[in-house]
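What follows is one structure encoded as structure tokens, with my remarks underneath.
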Amino acid sequence: MILQALYDYYERKAQDQESGIAPVGFEWKEIRFLIVIDADGNVKSLENTREGTGKQSVKKMFLLPKSAKSTGSNAWQTTFLLWDHYGYVLGYPKEDEPDRAKALAMAEKQLRTFIDKLFSLPVQVKADPSVAAVLKFYEKEEYKKVPTLDNWSECCGISGCNLTFRLMGETEPVTGREVVITYHKAIALLPDKTETYEANCLITGKKGIVQRLSASTAISGGQASGKLVGFQKDSGFDSYGKEQGFNAPVSKYAHAAYTTALNTLIKGETHMLVGDTTTVFWAARPAQLENDFSLFFTSSPKDDPDQGVRAVRQLYESIAAGQLSAEDSNRFYVLGLAPNAARIAVRFWVQGTVRDFAYRIKAHFDDLDIARGPKDDEYFSLHRLLVHTALEFKISNVPPNLAGAVMQAILNGTSYPATLLQQCVRRIRAERNVTRIRAAIIKAYLNRHNRIYQKIAKEVFTVSLDKTNMNPAYRLGRLFSVLELIQEKASPGINTTIRDRFYGAAASSPVTVFPQLLKLKNHHVAKLPTRSKVYFESLIGEIVDGIKAEMPAHLALEDQGRFAVGYYHQRQDYFTKKNENR
């Protein structure tokens, strides 16, 4: 189903001339420098394609015949049509090679391979004015003059800098000429000597030559040779004499289509990286969700920090206005990929309608909604959620599978992974800091877990303080918060409170800590004005009266989460009322 959806995406984009998706056998790639030549092959200049300077420079992408993997001692025998690095295009040796004679010999072999490929082109391709000019460039050995041009020091300073040609008067390089595209599209689908098997394609249903080996797809953190689909020889996958890709036949065209689609999605704006999971997404038809999807999960750019908040607000408004009713038939796909040795692991694959995804994402933000201060953001992304469960708030310290598991729960509308609660409670106990985001995570986890599994049907954690919630752990969290507030009021400017010394024990073994804290409270209350004494004693009485059972000896993990939410709610309620009274 994944390959079918990717194939359909390619077919839809290929029919749209303005989509910019690469034709079969081509890819979009940066070429830093263009060799500008005239119609007679004379070199005129070396053009830097980047706009701007330094970190502000903008890459320019060009449509090029797709590169092929080349490794080993005979890698010099493989080159690309009309473009490659300066070793192939100019015979210029690598600057960082210590053995200069060896580098020169290798560059000469690479140059000969590149020239031989050019002169072996069919007559109709060589007759094109731009291609003919390139051939003259080599016949006249104009390539020897390029290292004397103004920009050469910058070009050769880039290891393996790629080059191609542009004819004077033309706006695009020679690789984008129609005759080149037509020719290379045809040869890209020609079978090699090992591809002799013909069968019905599992994607298109049409009979054709089967692709034996799948192309590589590079994702963040993975190897450049990683593949979405792969079969090992002699490892139990072979049957009836069929090896590798012949075991699950996909035609060469369908293979080229789905790999081009996947690479396009990964390199475009329809992808994001959360944790170690590269996520791509697309809709069957253009939809606003396709443009905003990544904003719900990743941090907003520094130049527009409110972009994600606006996207969530727009989602709520579109649902309230009934604008998503027309999206019931528009399919939406989300694919999560993670590096796995020499392959790519599929973390999750979720599909549904645009409307389904919109409502599930809204439910996620509803579950996270919790009381906040006036300076807190209204909504926060999945990236911020995850870093609040990690040591030193670093995304690199998030467990490898957690990001994908949380994403999958959001997209499927299922319960959040237990690891999310465990990580959050662990960080709170270690740092003794119940942040708004951590309290929101615990609230969301408990509400969704109870809603789905109906373990405690009547327990629902509200956005702000809930005085009707009789859960002992929740009430003990409230009590601990009040005791800390009393201490802060009695000793203004205090650096270390009971939270710093007793939070971990109070949240896990309350019976061992609270009797001592209640005695200590009497010492602090004595320092308060009468009005404050009455307020806090009344508040403590209301909380303690609600704890019908005896104070628990131990609190399980979920109850430690309830404790944290109660603590946060009570503290937020106190400061909210204080600000309102002002």
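Sorting the Cα pairs of segment 25-188 by distance into bins of 5 Å, from 0 upward, gives 1, 9, 18, 23, 22, 16, 8, 3, 0 percent per bin.
Extension gain for the segment GLU97 to ARG432, taken as residue separation times 0.36 nm less the Cα-Cα distance, is 115.2 nm to one decimal. Binning the C-alpha pair distances of segment 468-582 at 5 Å intervals from 0 yields a P(r) profile of 2, 12, 22, 27, 21, 11, 5, 1, 0 %, listed from the shortest bin outward. Between amide H atoms placed 1.01 Å from N, distances below 5 Å from TRP282 occur with TYR333, all of them 5 or more places distant or on a separate chain. Our coupling estimate for segment 498-514, obtained by passing each phi through the Karplus curve with A = 6.51, B = -1.76, C = 1.60 and θ = phi - 60°, is 4, 4, 5, 9, 10, 4, x, 5, 5, 7, 10, 10, x, 5, 8, 10, 4 Hz, Gly and Pro reported as x.
Amide H contacts of ILE209 (H built 1.01 Å from N, in plane; Pro and chain starts excluded): LYS252 sit under 5 Å, all sequence-distant by 5 or more or on other chains. Which whole-angstrom value gives the distance between the alpha carbon centres of segment 61-107 and segment 461-540? Here the two parts' Cα centres lie 70 Å apart.
Among the GluC sites (Glu not before Pro) in segment 529-576, those located in a DSSP loop and surrounded by at most 16 other Cβ atoms within 10 Å of their own Cβ are GLU550. Could you tell me how far the Cα centroid of segment 364-391 sits from the Cα centroid of segment 287-316, in Å? Between the Cα centres of segment 287-316 and segment 364-391 lies a distance of 14 Å. In the chain, the longest principal axis of the Cα atoms and the axis of helix 129-139 are about 70 degrees apart.
Over segment 269-463, all Cα pairs binned in 10 Å intervals from 0 give whole-percent P(r) values of 9, 35, 39, 16, 2, listed from short to long. Phi-derived couplings, Karplus 6.51 cos²θ - 1.76 cosθ + 1.60 at θ = phi - 60°, listed residue by residue for segment 445-451: 4, 5, 4, 5, 4, 5, 5 Hz, with x used for Gly and Pro. When only alpha carbons are used to place a centre, segment 427-448 and segment 171-210 end up 54 Å from one another. With contacts taken as Cα pairs under 8 Å at a separation of at least 6 residues, segment 44-148 carries a relative contact order of 20 percent.
Rounded to the nearest 20, the size of the Cβ-charge dipole of the chain about its Cα centre is 1920 debye, with Lys and Arg at +1 and Asp and Glu at -1.
Could you state the orientation-averaged shadow area of the convex hull built on the Cα atoms of the chain, in nm² to one decimal?
Across all orientations, the chain yields a mean hull projection of 35.7 nm².
Seen against the Cα atoms of the chain and their longest principal axis, helix 402-412 is set at about 90 degrees.
Ranked from highest to lowest mean number of other Cβ atoms within 10 Å per residue, what is the order of the peptides 375-384, 186-195?
Final packing ranking: 375-384, 186-195.
Note: relative contact order over the chain, using C-alpha pairs below 8 Å and six or more positions apart, is 10 percent. With helices as the sole contributors, the chain gives -13500 deg cm²/dmol at 222 nm; each DSSP H run of n ≥ 4 counts as -39500 (n - 2.57), and the sum is divided by every residue. Close Lys pairs in segment 1-111 (alpha-carbon distance under 21 Å; sequence gap of 8 or more, or different chains): 12.
Evaluated at q = 0.11, 0.19, 0.22, 0.27 Å⁻¹, a Debye calculation over the C-alpha positions of segment 382-457 (equal weights, vacuum) places log10 I(q)/I(0) at -0.26, -0.75, -0.98, -1.34. Pairs of Lys residues in segment 468-582 are counted when their Cα atoms are under 27 angstrom apart and they lie 8 or more places apart or on different chains; the count is 20. What lysines does LYS207 reach when the alpha-carbon gap must be under 21 Å and sequence neighbours fewer than 8 apart in one chain are set aside? By straight Cα distance, LYS207 reaches LYS185, LYS193, LYS242, LYS252.
Report note on the peptides 359-372, 428-441: ranked by the mean count of other C-beta atoms within 10 Å, highest first, their order is 428-441, 359-372.
Quick one: helix 307-320 against the long Cα principal axis of the chain, what's the angle to the nearest 10°, folded into 0 to 90? That helix lies at roughly 80 degrees to the long axis.
The mean sequence distance of close C-alpha pairs (under 8 Å, at least 6 residues apart), as a share of the length of segment 269-463, puts its relative contact order at 21 percent.
No lab work stands behind these numbers, since they all come straight from the coordinates. If you're wondering where the values come from, they're calculated on a predicted model, not measured in any experiment. Glycine also receives a Cβ, built like all others from the backbone with ideal geometry; neighbour counts cover every protein chain displayed.
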